């Protein structure tokens, strides 16, 4: 089968890898409009379930992805100068590093990757048996077939932007600051030894009240550095679009489609669906879409049956996560309604914003505020995570990487 993937992000590249592993005779081309090695993202997060799936699907690329991730074994919430703990852990690597790994692996398997090429019309890929549209939230392919996909785009209320800093926080951090124009906050997590992702968010009234609608990129960064100064400890914030003269303030757009496929065109990743950045699942869903589509193509000789199966299964798989993302979006759009609560209660409200919390979870939350009990919880979590990592490597039948559980302090971040 001749397959063209329009879009060279994690979705397109990982699908190409997955499809080639299942059928090496597929003729697969990935077309990416940006130059090789260019991305405007910062870090991407991984969960254990995603890593389990990656090791099962392709141990070679999975081992490289998990060679040297940043990790954290605590989440902290700051409101002004007060602090509470949430527990929890996660992993992250740089988006560029992830893309480099996937490009190398896809090339090794015989995928043709064409950079600095933009598909402006489907006639340019008319010879393909299957066109995979994985060209992002603003997908040109999807828009060209809008009447068939019936896309619904709901623009969120809040303003946000992605930045970086060389300040390494010890935990995944939520920090809320009050300004004369209202509340503004950031989420942060490290993704390599010296760089942290910082996602800033605020209401549109706060955004305009602070002057971000008129400030240039450098002025905007200086103002944000001043607002979050006591968290940054003198470190600068970095704008990946500074050289373009832009400050990338955005409104989150929730994308849904009545159908994910039409003829020989199928949607994948953000082109098919988006989930709010506050639950950190965009890359997870993109890569699981990739595996799902490759599985469906392998299971069905008929293309339309394969595409229908892919859509049906992936819609069901992402439903709970989409509902959690909607709840999270609404929570952050209503921060002023919650923020005057005592810090421990506010932090718990933040944690449970996604829904589905067991009755005992609040007691665990209270125990997590006690340093000795928090260290016990982190130690247990680190040991359990280490065993899970060893088990997934063992099941993949590859040589295990050296593993040592993270050192535990009030919050542990390390590059393993």
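The values are calculated or read from the model by the stated rules, or taken from the named source; none is laboratory data. Keep in mind it's a predicted model, so treat the numbers as computed, not measured. Using ideal geometry, Cβ is built from the backbone for each residue, glycine included, and neighbour counts are taken over all protein chains shown.
Somewhere in segment 157-177, is a residue assigned to a strand (DSSP E or B), touching a strand residue (DSSP E or B) at 6+ places or on another chain (Cβ under 8 Å) and more than 22 Å from residue 80 (Cα to Cα)?
yes
Between a first residue in segment 87-101 that is under 15 Å from residue 12 (Cα atoms) and a second residue that is at pLDDT below 95 and surrounded by 20 or more Cβ atoms within 10 Å (Cβ to Cβ), which pairs have beta carbons less than 7 Å apart while being 6 or more apart in sequence or on different chains?
Close Cβ pairs (under 7 Å, with a partner that is at pLDDT below 95 and surrounded by 20 or more Cβ atoms within 10 Å (Cβ to Cβ)) amount to 95/42; 95/43; 95/44; 98/44; 98/65; 101/65.
Has segment 112-131 got any residue that is within 17 Å of the chain's Cα centre (by Cα), assigned to a helix (DSSP H, G or I) and in contact (Cβ under 8 Å) with a residue 12 or more places away in the chain?
no
Looking at residue 101, is it buried (at least 18 other Cβ atoms within 10 Å of the Cβ) and part of a strand (DSSP E or B)?
Answer is no for this residue.
Just checking, how many residues over segment 229-243 are exposed (fewer than 15 other Cβ atoms within 10 Å of the Cβ) and touching a helix residue (DSSP H, G or I) at 6+ places or on another chain (Cβ under 7 Å)?
2
Quick test for you: out of 165, 151, pick the one residue that is in contact with a helix residue (DSSP H, G or I) (Cβ under 8 Å, 6 or more places away or on another chain) and closer than 30 Å to residue 349 by Cα.
Answer to the check: 165.
Of the numbered conditions (1) buried (at least 19 other Cβ atoms within 10 Å of the Cβ); (2) closer than 17 Å to residue 295 by Cβ; (3) touching a residue at least 40 places away in the same chain (Cβ under 8 Å), residue 31 satisfies every one except a single condition; which is it?
The failed condition is (2).
Give 246, 226 a once-over and let me know the one that is free of Cβ contacts under 8 Å to residues at least 40 places away in the same chain and either surrounded by 16 or more Cβ atoms within 10 Å (Cβ to Cβ) or within 30 Å of residue 83 (Cα to Cα) (or both).
Sole residue among the options that is free of Cβ contacts under 8 Å to residues at least 40 places away in the same chain and either surrounded by 16 or more Cβ atoms within 10 Å (Cβ to Cβ) or within 30 Å of residue 83 (Cα to Cα) (or both): 226.
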